[in-house]
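The values are calculated or read from the model by the stated rules, or taken from the named source; none is laboratory data. What you see is a predicted model; the values in this text were computed from it and never measured. Ideal geometry is used to build each Cβ from the backbone, glycine not excepted, and the neighbour counts take in all protein chains shown.
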Amino acid sequence: MSRIDDEALEWAMRQASRELSAQERAAFDAWYAAHPRHQGAYLRAAAIQHSLDQVTVQDSMRPRAESRRGEWEVVSSGVARNRRALVFGGALAAGLAILATTALRPRLVDRTVLQTAQGEFRKVPLADRSVVSMNSGTELEVALTASERRIVLSQGEAWFEVAKDKTKPFIVESGDVRVRAVGTAFAVRRHPEGADVLVTEGVVEVWSEAGNARKQRVAAGARAFVGKQATSITVSEDRDDIERRLAWRSGKLVFQNRSLADAVADFNRYNSRQILIADPALSNKTLVGQYRIDQPEHFANDVRALFRVQVAITPERITIGAGPVPGTRR
């Protein structure tokens, strides 16, 4: 493998393992623009990264819910190291063979479907140098054409670090909701009634295809909720709230005066062992705290102490506000 291919693979794996610093992003942009061979090598490396990423998410290879501690790090770092060994062991040759075969067939759109299971996270570099960080239970389709870059978010949530390219707008579809950017960073979370848009860098434009609300610009540090048939779009600024809502990128849940019901829903989003609130009167009580996504027992024990309620913990579920359950540990 040539030095350029080595460098391209290193960049692809680095972007898959973590967010690039500003200095690294500048270095990558300079390397990418330096020669057409760099661009071709990066596209090949990104395609191989996608192929190997698909291999790592088969159901038979996923860890059980009880062994998910540090899963973000395993997916983003440990797997990246293993992928490098796989590539040098022959996966690169196989990937290039696949690319050579598909290149012989005319293809107007490069489409890729990406998925995450419950409790799983993925950080995937795209062929245009953008990076997608996918939250638990997410499915999306990437379609890259000569005129635009389009993401269809079928379910879940993703954070996008968009590579700048004024000739190809970056558009995210979430049902009837649309988000348009050129070079920025933002997250979209799909809900049955619409979508949340959180901007961490730059500016995006949001609107609904089904509603009659005017398009709104949302800048860094602001959040917008766009309903499916929105007649208006409200934009609010709160950088701290956005950071809390995106804490999943580092494997955490951060609550600031959140209701118990909302906090439980967040934990249940990531864990197969579900938390149940047996006493409805507890649902609206608020709490503050920071927890690892894969440690619902710590959260439940804090709720026990904070609200002075009974908590029953079994291998199958955690029940808050219930009487003692035979065989549980208290």
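Could we say that Leu260 is in contact with a helix residue (DSSP H, G or I) (Cβ under 6 Å, 6 or more places away or on another chain), under 27 Å from Glu120 (Cβ atoms) and either buried (at least 19 other Cβ atoms within 10 Å of the Cβ) or of a type in the set (A, V, I, L, M, F, W, C) (or both) here?
Working: in contact with a helix residue (DSSP H, G or I) (Cβ under 6 Å, 6 or more places away or on another chain): yes; under 27 Å from Glu120 (Cβ atoms): yes; either buried (at least 19 other Cβ atoms within 10 Å of the Cβ) or of a type in the set (A, V, I, L, M, F, W, C) (or both): yes.
Taking the combined requirement at face value, the residue satisfies it.
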Total residues in segment 293-323, condition touching an Asp or Glu at 6+ places or on another chain (Cβ under 9 Å) and on the phi > 0 side of the Ramachandran plot: 1
Members of segment 123-160 found to be assigned to a loop (DSSP other than H, G, I, E, B), at pLDDT 95 or above and among the β-branched types (Val, Ile, Thr), listed by number: Thr138
Breaking point among (1) outside the structural domain of Arg122 (by TED's automatic domain parsing); (2) touching a Phe, Trp or Tyr at 6+ places or on another chain (Cβ under 7 Å), for Gln256: (2)
Residue within segment 217-239 that is closer than 23 Å to Leu20 by Cα and touching a residue at least 60 places away in the same chain (Cβ under 8 Å) present: no
Matching residues, segment 190-227, being more than 25 Å from Asp240 (Cβ to Cβ) and assigned to a strand (DSSP E or B): Trp207, Ser208
Evaluation of Leu253 against (1) in a strand (DSSP E or B); (2) of a type in the set (A, V, I, L, M); (3) closer than 22 Å to Val152 by Cβ (one fails), failing number: (3)
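Could you check segment 273-300 and list, in sequence order, the residues that are among the polar types (S, T, N, Q) and more than 14 Å from Gly321 (Cβ to Cβ)?
Taking segment 273-300 and keeping what is among the polar types (S, T, N, Q), we get 274, 283-284, 286, 290, 295.
Scanning segment 273-300 gives Gln274, Thr286, Gln290, Gln295.
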Per-region count, segment 172-189, residues surrounded by fewer than 22 Cβ atoms within 10 Å (Cβ to Cβ) and assigned to a strand (DSSP E or B): 5
Residue identified as modelled with pLDDT under 90 and surrounded by fewer than 19 Cβ atoms within 10 Å (Cβ to Cβ) among Pro106, Pro169: Pro106
Criterion violated by Ser232 - all others in (1) modelled with pLDDT under 95; (2) in a strand (DSSP E or B) satisfied: (2)
Filter result (surrounded by fewer than 18 Cβ atoms within 10 Å (Cβ to Cβ) and under 25 Å from the mean Cα position of the chain (by Cα)) within segment 216-232: Arg217, Ala219, Ala220, Gly221, Lys228
Residues satisfying the stated conditions in segment 233-257, i.e. more than 28 Å from Gly183 (Cβ to Cβ) and surrounded by fewer than 19 Cβ atoms within 10 Å (Cβ to Cβ): Gln256, Asn257
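Report yes if Ala281 is at pLDDT below 95 and either within 21 Å of the chain's Cα centre (by Cα) or assigned to a helix (DSSP H, G or I) (or both), otherwise no.
Details: at pLDDT below 95: yes; either within 21 Å of the chain's Cα centre (by Cα) or assigned to a helix (DSSP H, G or I) (or both): yes.
So Ala281 fits the description; yes.
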